[in-house]
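This report refers to the structure that appears directly beneath it.
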Amino acid sequence: MSGLINGDIMYRTHTCGELRASHAGESVTLSGWVNRRRDHGGVAFFDLRDRSGVVQITINPDLPKETLDLVEDVRFEWVLQIEGLVQKRPAGNENPNMETGEIEVIAKNITVLNPAKTLPFMVSSDADLPDENTRLKYRYLDLRRERLTNNMVLRHKVIKFMRDYLDKQGFIEIETPIMFKATPEGARDYLVPSRIYPGQFYALPQSPQQLKQLLMVAGMDKYFQIARCFRDEDLRGDRQPEFTQLDLEMSYVHRDDVLDLVEGLFTEMIPAVAPHKKLLSKPWRKISYREAMEKYGTDKPDLRFGMELQDVSDIFAKSEFKVFQGALSSGGVIKCIVAPKSADMSRKEIDALTEVAKSLGAKGMPTLAVTSEGVKGSASKFVSAEEVESLKAKVNAKEGDLILFASDAKAIANKVLGGLRVWFRDKLNLADENLMAFAWIVDFPFFAYNEETKTWESEHHPFTMPKLEDLDKFESNPGEVMSDAYDMVCNGYEMASGSIRIHRRDVQMKMFQMLGLSDEEIKTKFGHMLEAFEYGAPPHGGMAPGIDRLVMLLADEPNIREVIAFPKNQTGRDVMADAPSEVEPKQLKELQIKFEQK
């Protein structure tokens with residue numbers, strides 16, 4: 001039997017993945033894709049697949065010739081309806097690798113709902129996959145693969161858990177506009193031209209920052225949304241032009257109120273949605289920004305392994321090694337990391353690693369390899385025996401370890417060794433991929449000095465509250481002003497950024513002025529915010545954990561494109577729909593937009 005099904009006939013009584021031995025003896029109707037087909041001794045077998053899973057269909061050779069002829073034509077990814085009888089597989093023929101492996105469905109009737117032409121790549125397994133652009137061009141096929149389907153299900157579970165948890169905590173979900181006003185949040189805005197107001201533009205939100213603060217002024221008290229955000233910035237593995245975050249804000253809170261809420265959410269969520277993942281610690285560590293930079297060389301440290309940066313300037317204070325002395329005499333430091341069981345790295349490997357260090361800003365990379373015959377390496381000829389013994393004792397270097405140095409300005413030394421630390425993590429498999437090492441980074445500096453423009457910039461964003469005790473340092477010593485901001489990090493990624501917000505007009509005005517904005521610019525860009533703060537704005541704070549990055553880690557994927565249904569490629573193109581694309585001249589005329597000829 002083939003052709004279309006009448007509208008009054010049910011497509012399926014069960015999904016493919018739900019059938020078990022308890023269903024034996026039942027007549028069922030299934031619909032799905034042909035995942036595989038096999039022919040053994042005159043008997044054909046299909047694996048029928050839908051989102052719930054796969055089940056084996058056995059084609060009864062006693063079926064009418066018309067049906068058997070139809071079966072001969074069926075190929076991968078045809079959409080079929082199967083009516084049949086569930087029975088237990090013969091003893092010894094069970095398939096432990098399938099959830100439905102104890103049973104099979106003996107087909108009594110087969111209907112072709114839709115044939116399929118030959119696919120550009122197989123979706124029944126992860127073997128022999130094409131390049132990513134081909135997968136993205138046919139993303140609707142790529143998503144049929146079990147791994148990608150599971151990623152979408154996991155994403156759903158994460159978002160549902162967030163919604164349910166926050167609802168129980170008294171939060172309400174409120175949507176904010178997608179078309180708003182350009183905001184200074186560190187990246188370029190995507191602009192939307194207005195036809196009604198020629199020459200004027202909306203901006204797609206980099207985040208709902210101003211809007212969620214205005215919701216606090218409005219008395220909403222506890223707000224959240226699963227927010228779509230847009231940033232026109234260069235792409236990388238964990239970044240997309242559009243992304244999704246859990247955006248939340250609370251009134252009448254201090255820093256730890258926000259941290260406790262989010263930590264509770266994630267601590268309960270991880271075992272519920274990804275039980276194979278384990279938390280490194282409960283409660284999570286709180287690490288100051290300064291400590292993170294000194295120990296790990298980054299403000300988003302991976303805490304799943306050691307290899308902390310260590311300052312050994314004191315040991316080499318009187319060293320005759322010119323590289324070390326040059327760094328110390330110019331106000332720099334000598335720091336090192338110890339790579340376990342790496343003393344046998346070849347000269348070629350060390351040279352390649354030195355190039356990595358140089359790409360991070362180093363001028364070179366002195367090394368000491370601890371061996372049974374003493375120390376070897378590029379620094380071995382320039383250090384004394386006493387210095388070596390003091391060094392080994394301080395950094396706990398053992399035979400077989402490799403010590404790598406960075407002698408430079410502190411910021412450069414931290415960056416170089418922080419990068420090398422991650423390089424060794426990946427080379428030596430030092431981090432447990434099933435461990436989720438969450439931590440809070442706190443006590444950030446409020447301002448960052450831009451050496452190029454010779455101006456002060458906000459370390460986070462201009463709506464972050466400074467520590468109240470540092471307000472009088474705004475103009476006299478901005479470099480010492482501390483911020484009431486915080487980041488959530490995990491496994492070397494920044495997972496969220498947040499802060500207690502400015503809720504006073506005078507403080508917000510002073511912040512804008514410190515950033516070099518004129519009174520006219522402040523009024524044009526932020527007049528609505530400043531006015532709102534004059535109508536009884538409550539103290540408030542919040543944060544915005546990234547959903548794409550979280551699901552990426554939980555799914556053990558190498559980049560966030562694998563956990564987004566229809567992502568852009570690495571160059572920001574939608575290769576499936578071929579976007580961005582040109583528009584009709586009529587549309588440009590309506591918007592009064594003309595392009596300059598290059």
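Condition (residue is touching a Phe, Trp or Tyr at 6+ places or on another chain (Cβ under 6 Å) and not in a helix (DSSP H, G or I)) applied to segment 182-190: is it met by at least one residue?
For segment 182-190, residues touching a Phe, Trp or Tyr at 6+ places or on another chain (Cβ under 6 Å) and not in a helix (DSSP H, G or I): present.
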Task: Scope segment 100-131; condition in contact with a helix residue (DSSP H, G or I) (Cβ under 8 Å, 6 or more places away or on another chain), of a type in the set (Asp, Glu) and either within 13 Å of residue 78 (Cα to Cα) or modelled with pLDDT under 95 (or both); matching residues - done: 126
Open item on the list: I'm checking my understanding of the structure. Among residues of segment 232-246 that are charged (D, E, K, R) and touching a strand residue (DSSP E or B) at 6+ places or on another chain (Cβ under 7 Å), which one is nearest to residue 263 (Cα to Cα)?
Closed with: 238
Task: Among (1) more than 23 Å from residue 395 (Cα to Cα); (2) in a strand (DSSP E or B) - the single one residue 264 does not satisfy - done: (2)
- [ ] Look at segment 102-127 and say how many of its residues are out of contact with any Asp or Glu (no Cβ under 7 Å at 6 or more places or on another chain), of a type in the set (D, E, K, R) and not in a loop (DSSP other than H, G, I, E, B).
- [x] 1
TODO: Might you check whether a residue that is in a loop (DSSP other than H, G, I, E, B) and hydroxyl-bearing (Ser, Thr, Tyr) occurs anywhere in segment 161-177?
DONE: yes
Open item on the list: Quick check on segment 206-219. Is at least one of its residues in a strand (DSSP E or B) and touching a strand residue (DSSP E or B) at 6+ places or on another chain (Cβ under 8 Å)?
Closed with: no
TODO: Report yes if some residue within segment 143-155 is surrounded by 15 or more Cβ atoms within 10 Å (Cβ to Cβ), part of a loop (DSSP other than H, G, I, E, B), in contact (Cβ under 8 Å) with a residue 60 or more places away in the chain and among the hydrophobic types (A, V, I, L, M, F, W, C); otherwise report no.
DONE: yes
- [ ] Kindly provide the set of residues from segment 267-297 that are assigned to a helix (DSSP H, G or I), surrounded by 15 or more Cβ atoms within 10 Å (Cβ to Cβ) and aliphatic (A, V, I, L, M), ordered by number.
- [x] 269, 270, 273, 292, 293
- [ ] Give segment 191-203 a look and list any residue that's of a type in the set (A, V, I, L, M, F, W, C) and either part of a strand (DSSP E or B) or in contact with an Asp or Glu (Cβ under 7 Å, 6 or more places away or on another chain) (or both), or say none.
- [x] 191, 192, 201, 203
TODO: Please give the number of the condition residue 418 fails out of (1) more than 26 Å from residue 557 (Cα to Cα); (2) buried (at least 22 other Cβ atoms within 10 Å of the Cβ); (3) under 21 Å from the mean Cα position of the chain (by Cα).
DONE: (1)
Open item on the list: Could you check segment 300-345 and list, in sequence order, the residues that are within 25 Å of residue 434 (Cα to Cα) and buried (at least 19 other Cβ atoms within 10 Å of the Cβ)?
Closed with: 301, 302, 303, 307, 309, 337, 338, 339, 342
- [ ] Starting from residues that are among the hydrophobic types (A, V, I, L, M, F, W, C) and over 24 Å from the mean Cα position of the chain (by Cα), keep the ones in segment 214-249 and report whichever is surrounded by the most Cβ atoms within 10 Å (Cβ to Cβ).
- [x] 216
TODO: Could you tell me which residue of segment 521-563 is surrounded by the most Cβ atoms within 10 Å (Cβ to Cβ), considering only residues that are charged (D, E, K, R) and closer than 30 Å to residue 467 by Cβ?
DONE: 549
- [ ] Check off (1) modelled with pLDDT of 95 or more; (2) hydrophobic (A, V, I, L, M, F, W, C); (3) loosely packed, with under 15 Cβ neighbours inside 10 Å for residue 1 and give me the number that stays unchecked.
- [x] (1)
Open item on the list: Going residue by residue through segment 384-397, is there one that turns out to be touching a Leu at 6+ places or on another chain (Cβ under 7 Å) and surrounded by fewer than 19 Cβ atoms within 10 Å (Cβ to Cβ)?
Closed with: no
Open item on the list: Can you go through 75, 89, 36 and tell me which one is touching a residue at least 60 places away in the same chain (Cβ under 8 Å) and basic (Lys, Arg)?
Closed with: 36
TODO: Give the residues of segment 365-374 that are of a type outside the set (Ser, Thr, Tyr) and modelled with pLDDT of 95 or more, sorted by residue number.
DONE: 365, 366, 368, 369, 370
- [ ] For residue 406, work out the one condition from (1) of a type in the set (A, V, I, L, M); (2) buried (at least 23 other Cβ atoms within 10 Å of the Cβ); (3) within 29 Å of residue 389 (Cβ to Cβ); (4) within 28 Å of the chain's Cα centre (by Cα) it doesn't fulfil.
- [x] (4)
Task: Single residue of 210, 200 found to be within 22 Å of residue 462 (Cα to Cα) and over 21 Å from the mean Cα position of the chain (by Cα) - done: 210
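The values are calculated or read from the model by the stated rules, or taken from the named source; none is laboratory data. Keep in mind the model is a prediction, meaning the values are calculated, not measured. Every residue, glycine among them, receives a Cβ derived from its backbone with ideal geometry; neighbour counts consider all protein chains shown.
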